[in-house]
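**Student:** Here it is: the structure, laid out below.
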Amino acid sequence: MKLALIQHDIHWNQPAKTLEHCSGLAEQALSNDAQLLVYPEMFSCGFSFLSGDEAREAEHRSSEFLESLAAKNNCYAAGSMPAVTEDSQRPFNMLRVYGPQGLLGQYSKIHLISYLNESEHYKSGDSLLTVPIGGVCFTFFICFDLRFPDVFAMSAKRTDCFVVAANWPDTRQQHWERLLEARAIENQAFVAGVNRVGRGGSLGFVGGSRVISPSGELVSEAGSEEQILYADINSADVIDYRKEFNFLQDRREDLYRRL
């Protein structure tokens, strides 16, 4: 499964303009035989806490873009967006995954960063998402989730690759790099993190998208500019490494639930 992490700049609260740019990047990724295209967190509008009609517009445009991209090109596409529901005044920060036949699943960000007031504007999710795509099982997370190893551990045994869509600021770039490595080593799975570049609000972003192997080795990494990062993800690599050095079987999940 050829994965494309699309590290791009975002026009702040301008979904139409951003998605026009994303379309060109998608064409480039598809010309390089990418099968799963993943965009960063809030890929059409930025980490701007849109609500109401503005959030609905970004949601509609983003979902329509990903769905059309997957259907027209017989591929898979994923990205995070604001998602408004009837039973909540606050949107979710939601990642949706589309395939050629339509929506495969959606994941709402579980951990909201109160340090940046996200929890005042958005509602937290309460379930995980693992989707089989082309013989590889992908589990999806969003940005701040990366700091909480328990949710990764909960899905490790059914996962070949964790995907993290992020708007991770440059002031904590080292944390981004180290935590991606840690999640791979702890769970003996691929970890693919896609980050944005440019400026959004008062924050700067320098990309650094990367793919880590189940053994914790760096497979590929992007720089600080706009870039598409490619990696081949093979479930056999996960199976073989876990057979060689199988410590997931020693994880005391039964005990953890009682502590």
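Rule-based calculations on the coordinates, nothing more; no lab input. Everything numeric in this text was worked out from a predicted model, so none of it was measured. Cβ placement follows ideal geometry from the backbone for every residue including glycine, while neighbour counts extend to all protein chains displayed.
**Student:** Got a sec? How would 122, 115, 230, 256 order by Cβ neighbour count within 10 Å, fewest to most? Spell out each step's value before the answer.
**Tutor:** Details: 122 24, 115 8, 230 17, 256 11.
Ordered by Cβ neighbours within 10 Å, fewest first: 115, 256, 230, 122.
**Student:** If you don't mind, another one. To make sure I understand, if each residue's beta carbon is the centre and we count other beta carbons within 10 Å, what order do 118, 59 fall in, fewest to most? Intermediate results must be reported in sequence, preceding the final value.
**Tutor:** Details: 118 18, 59 22.
Ranked by crowding around the Cβ, least crowded first: 118, 59.
**Student:** State, to one decimal in nm, how far the label point of residue 117 lies from the label point of residue 64, with both points 7 Å from Cα in the Cβ direction.
**Tutor:** Placing both labels 7 Å beyond Cα along the Cβ direction yields 3.1 nm.
**Student:** Please find the FRET efficiency linking residue 17 to residue 182, where r is the Cβ-Cβ separation and R0 is fixed at 35 Å, and quote it to the nearest 0.05. Please report the intermediate quantities before stating the final value.
**Tutor:** Working: r = 36 Å, r/R0 = 1.03.
After rounding, the FRET efficiency stands at 0.45.
**Student:** Among residues other than residue 61 whose Cβ falls under 12 Å from its Cβ, what is the net charge (Lys/Arg +1, Asp/Glu -1)?
**Tutor:** Numbers: positive: 17, 56; negative: 20, 54, 57, 59, 64, 67.
With Lys, Arg at +1 and Asp, Glu at -1, the neighbours total -4.
**Student:** Projected onto the charge dipole of the chain (+1 at Lys/Arg Cβ, -1 at Asp/Glu Cβ, origin at the Cα centre), which of 11, 31, 162 gives the Cα projection farthest towards the positive end?
**Tutor:** Checking the options against the dipole of the chain, the answer is 162.
**Student:** If you don't mind, another one. Within the set 109/157; 2/109; 2/72; 157/243, which residue pairs have Cα atoms separated by over 23 Å? Could the numbers behind the result be given before it?
**Tutor:** On the way: 109/157 21 Å; 2/109 25 Å; 2/72 18 Å; 157/243 13 Å.
The pairs that break the limit, which is 23 Å between Cα atoms, are 2/109.
**Student:** Rounded to the nearest 500, what is the chain's calculated 222 nm mean residue ellipticity when only DSSP H runs of at least 4 contribute -39500 (n - 2.57) each, over all residues? Spell out each step's value before the answer.
**Tutor:** On the way: 7 runs with 79 residues, N = 259.
When only DSSP H runs of four or more count, the value is -9500 deg cm²/dmol.
**Student:** Given the C-alpha centroids of the range 36-96 and the range 195-259, what is the distance between them in whole angstrom?
**Tutor:** 23
**Student:** Next question, about the same structure. If neighbour count is taken as other Cβ atoms inside 10 Å, put 160, 170, 87 in order from fewest to most.
**Tutor:** Ranking 160, 170, 87 by Cβ neighbours within 10 Å, fewest first, gives 87, 170, 160.
**Student:** Rounded to the nearest 20 debye, what is the charge dipole size of the range 83-235 about its Cα centre when +1 sits on each Lys and Arg Cβ and -1 on each Asp and Glu Cβ?
**Tutor:** In total the dipole reaches around 140 debye.
**Student:** A further question on this structure: Hey, what do the phi angles of the range 128-144 turn into as Karplus ³J(HN,Hα) couplings, whole Hz, using 6.51/-1.76/1.60 and θ = phi - 60°, x for Gly and Pro?
**Tutor:** Ordered by residue, 3J(HN,Hα) equals 9, 9, 10, 10, x, 9, x, x, 10, 8, 10, 10, 10, 9, 10, 6, 4 Hz.
**Student:** Now a separate question. Express the relative contact order of the chain as a whole percentage, based on alpha carbon pairs under 8 Å and six or more residues apart in sequence. Provide the component values of the computation, followed by the final result.
**Tutor:** Numbers: 598 pairs, mean separation 49.2, N = 259.
Reported relative contact order: 19 percent.
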